[in-house]
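Step one of this worksheet: look at the structure below.
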Amino acid sequence: MARQKAHSLINAPAPAPAAPPTATLILDAGAHTLKAGFSTAGTCHIIPNCLARSDRDRRTYIAADLASCRDFGELAVRRPVERGYIVDWSGEKAVWEHVFAAGGVLGGVVAAETTLVLTEQPGAPAGTARMSDEMVFEEFGFAGYYRALGPALNAYAPSPFLPSTAPPPPPGTPLECLLVVDAGHSHTTVTPLYHGRPLHPACRRLDIGGKLLTNHLKQLLSARTFDVHKEVWLVNEIKEDACFVSQHFARDLERTWKHNGSPRTKVDDGGDSIVQDYILPDYETITRGFTRPHDPTLTARNRLGLGLATTSTPATAPKEHILTLGNERFVPPELLFTPSDIGIPSAGLTGTVLQSLAALPASLRPAFLANIVVVGGTALLPGLVERLRAELRARVEEGTEVRVARAGDAVGNCWLGGARMARDGGGLGRVVVTRGEYFEHGEGWVRRRFAGKGVR
Amino acid sequence: MATGPLRFRTPHIEELPTTGSRQAPGFAWVAVSGAQDDPAKNWGTSNRKRARASLGGPTDQQREALSARQQREVERKIRDLNSDNSKNAAELPIPKKEGGAGASTVARAGKTPNTKKILGSGKTFAHYLDDEEAEIARTGRRDVDVEAPTGAQRPSKTPLARRKTREESSMSGSPAPITPVAPPALPRISQALSFGETTTLDAEEEGDDAVPPLPSSAEMEALLNAPPLTYSQARSAPPTPGAPPPRRFCETCGYWGRVKCMKCGAMTCSVSCKEEHDQSKCLKMYA
């Protein structure tokens, strides 16, 4: 058996006569979602990067199958990407094979004719990088491969500071100075890029991401309303629907004070009330929850704030389960800016950006301060960009220009940059490693190439 | 020297007269150590609990024990927050696809020995991080910096003149930023730009605060070619000691914390929230 395997490796396509790859596939493998698409496509497909098992349905869903799931209650989710790095390759292989399958969203991927551009997060341990390289070439058999630093690809996407009427720069030209704040599921990284190349001494990472915010919201809800410890998917949806970043934390906390347990009899001032009702899905009639302005009459009888409501025709109307959200709406996202609230010894998002800038030479700082782009799933929280801008302006000296913007498509911006870079064949050709080179030089050589050390 | 009939036998006590003794009165002034007897607080109680509570709070030892427990609670909470529900979900079995039985088992296990090892390993991210830190502690950053991976232990036979200097890699895992590669002295750049004219040299050095000139291309190259930071080095540093102390919130309702529980150190905002805390949350921590 071993001899057969050895033979097959020796007879493996030493691919001298192989045809050049016809297509380039860009895969942005994140902890929450996988962004996949060919470089010729305009947008990417966003696929949940997990395997999920629903005990009620008694089915295990891989990746995009999750869209057909009807019951997300008590979903057990297995995520192959841990802290931003692909650690569980058997799970990831199942996801990739599902995505590459002939009937999948991409319309079938033939690895032997495709070049793969895979992203990885900064600060990867050598073991995970080696695993990725070996899996891509030996298991999947891609014809060419480039492992890019995730935030660096954002430099090739169009800048959000230019007006949309301006013509986009030709593909393959990176922006000159860019500070990328990637607020993702596992963590938030701050990476300054110069012509698309990262300035490593100034990269910083804050270990707070969407996952921590969801878990914190889960604990708050479990302590105050009812136990949602197993309902991670539901709490994630609640976070996406109802949470926001407050601009004045102290003022909003005053507005949502419960006045010692007495039911909220008055709706707070200003008209834009913070307190909202969240109608929970029951997975029969309502598949996805939604928010509604708070209606105290529905929950007045129940101290927990968990109400049942019927609409005007009581006989046939479905009962709604209501969750009242007060300061739970803005307290978890506040952790991004003040991690010390929970005891994490870190500086907060503004502090991390300032630390990154402090590690750059003083003359470069204004250039980067004027070009801050926020990407990632957690960047979709309303109010995050405004809060970051206000805090940075307050802490930077007067007169410097501070421009912070969220990329047009925050989740897919990294993929878009990768696709635009790949469309410029010459630029990509310089950095890609082909299968022949991998089998000839070995894995260590490939890793050093990707780190920029080797000579072409 | 009590006299009078006692039922039990007492030892014989006799006060011997000494030269200096006078007939002492029935009481004596005794020096009292300050913190102990504040009569306003104590009322001379023999109730230990009251005495303990009134004696100026917990001792240093008690305070340290309390804060160690609180610290462990905080760390446990942070670990829970970082969990991915992986306890029950990590062993989620991958469903079998329909297809050729022989082909699928080969594909499941991996095509080459390397991939077999990868697909079969159950290592988590923490393992890889530890591996990398052990590697760094043993030698320099092996994978990226060193050109020849073999023979790192043998002493080099290359004569000194022909040896390339090995890049120094930082061995500490501290999150503080490593010193930037760009040289710190900006006046030197302005010297280079001013083409050696002495008068403009002085002007440039004093005009440093106006607009510092952009770093030269050599410095930019040095910055760009700097080695990537390891996972621990890139972590955001704790806030400066001058920052305001961490804010505490009520455990029950989330408002500002004003009242601290004596037993477990948790904050609540008001009396009603504190009652709630005492009933359900405090005992769990205490026990």
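The values are calculated or read from the model by the stated rules, or taken from the named source; none is laboratory data. Every value quoted in this text rests on a predicted model; they were computed, and no experiment measured them. Every residue, glycine as well, gets a Cβ built from its backbone with ideal geometry; the counts of neighbours run over all protein chains shown. Accessible surface is based on the protein model in full, side chains and every heavy atom, while ligands, DNA and RNA are left aside. Shrake-Rupley method; radii C 1.70, N 1.55, O 1.52, S 1.80 Å.
Is the shape of chain A best called rounded, prolate or oblate, per the rule: a/c under 1.5 gives rounded, else a/b larger than b/c gives prolate, else oblate, with a ≥ b ≥ c the square roots of the Cα gyration tensor eigenvalues?
Oblate.
Distance cut-off 20 Å, Cα to Cα: go down the list A:K218/A:K239; A:K239/B:K281; A:K218/B:K77; A:K93/B:K116 and report the pairs above it.
A:K239/B:K281
Provide A:K239, B:K117, A:K258 ordered by accessible surface of protein heavy atoms (probe 1.4 Å), highest first.
B:K117, A:K258, A:K239
For a quick check of your reading of the filter: which chymotrypsin sites (Phe, Trp or Tyr not before Pro) in segment B:223-287 sit in a DSSP loop and have no more than 15 other Cβ atoms within 10 Å?
none
Among A:329-338, A:145-154, what's the highest-first ranking by average C-beta atoms within 10 angstrom per residue?
A:145-154, A:329-338
By the scheme Lys and Arg +1, Asp and Glu -1, what is the net charge of all other residues having a beta-carbon under 15 Å from that of A:G348?
Once positives and negatives cancel, what remains is +3.
Taking the Cα centre of segment A:149-235 as origin, sum charge times position over the Cβ atoms of Lys and Arg (+1) and Asp and Glu (-1), and report the length of that vector in debye to the nearest 20.
So the dipole magnitude of segment A:149-235 works out to roughly 180 debye.
For a quick check of understanding: with a 1.4 angstrom probe and all protein chains in place, what accessible area in square angstrom does A:Y438 have, to the nearest ten?
Counting only protein heavy atoms, A:Y438 exposes about 10 Å² to solvent.
Return the average number of partner chain Cβ atoms within 10 angstrom of each residue Cβ along peptide A:131-138.
4
With an 8 Å Cα cut-off and a minimum separation of 6 or more residues, compute the relative contact order for segment A:375-436 in percent.
Rounded, it is 37 percent for segment A:375-436.
Based on Cβ point charges of +1 for Lys and Arg and -1 for Asp and Glu, what charge dipole magnitude is obtained for chain A about its Cα centre, in debye rounded to the nearest 20?
Dipole about the Cα centre, nearest 20: 560 debye.
Set the Förster distance to 25 Å, then compute FRET efficiency between A:D55 and A:E240 from the Cβ-Cβ distance, nearest 0.05.
Working from the Cβ atoms, E equals 0.60.
If you average the alpha carbon positions of segment A:375-404 and of segment A:328-359, how far apart do those two centres end up, in angstrom?
13
Quick one: if you stick a label point 7 Å off each Cα along the C-beta vector at A:F226 and A:T400, how many nm between them?
5.1
Can you give the mean number of other chain Cβ atoms that lie within 10 Å of the Cβ atoms in peptide B:239-246?
3
Residue separation times 0.36 nm, minus the C-alpha to C-alpha distance between B:K123 and B:R138: what's the value?
Gain on extension, B:K123 to B:R138, equals 3.3 nm.
Can you figure out the FRET efficiency of B:E221 with A:S363, using R₀ = 22 Å and their beta-carbon distance, to the nearest 0.05?
It comes out at approximately 0.90.
I need the calculated FRET efficiency for the pair B:R247 and B:D80, taking r as the beta carbon distance and R₀ as 25 Å, to the nearest 0.05.
Efficiency, from the Cβ-Cβ distance: 0.75.
When only C-alpha pairs under 8 Å and at least 6 residues apart count, what is the relative contact order of chain A, in percent?
RCO, chain A: 18 percent.
Return the average number of partner chain Cβ atoms within 10 angstrom of each residue Cβ along peptide A:115-127.
The per-residue average across the peptide is 4.
Using the Cα centre of segment A:21-124 as the reference point, and only Cβ charges (+1 on K/R, -1 on D/E), how large is the resulting charge dipole? Debye, rounded to the nearest 20.
Dipole about the Cα centre, nearest 20: 200 debye.
For chain A, build the charge dipole from Cβ charges (+1 Lys, Arg; -1 Asp, Glu) around the Cα centre, then report which of A:A410, A:V433, A:L221 sits farthest towards its positive end.
A:V433
In chain A, with Lys and Arg counted as +1 and Asp and Glu as -1 at Cβ, which of these residues, A:L354, A:G30, A:P80, has the Cα nearest the positive end of the dipole, that is, farthest along it?
Looking along the dipole axis, the top candidate is A:L354.
Using the Cα gyration tensor of segment A:106-232, with a ≥ b ≥ c the square roots of its eigenvalues, what is the shape: rounded (a/c below 1.5), prolate (a/b larger than b/c) or oblate (neither)?
In terms of gyration-tensor shape, oblate.
Counting helices only, and only those DSSP H runs with n ≥ 4, report the 222 nm mean residue ellipticity of chain A as the sum of -39,500 (n - 2.57) divided by its residues, in deg cm²/dmol to the nearest 500.
The helix contribution divided over chain A gives -8500 deg cm²/dmol.
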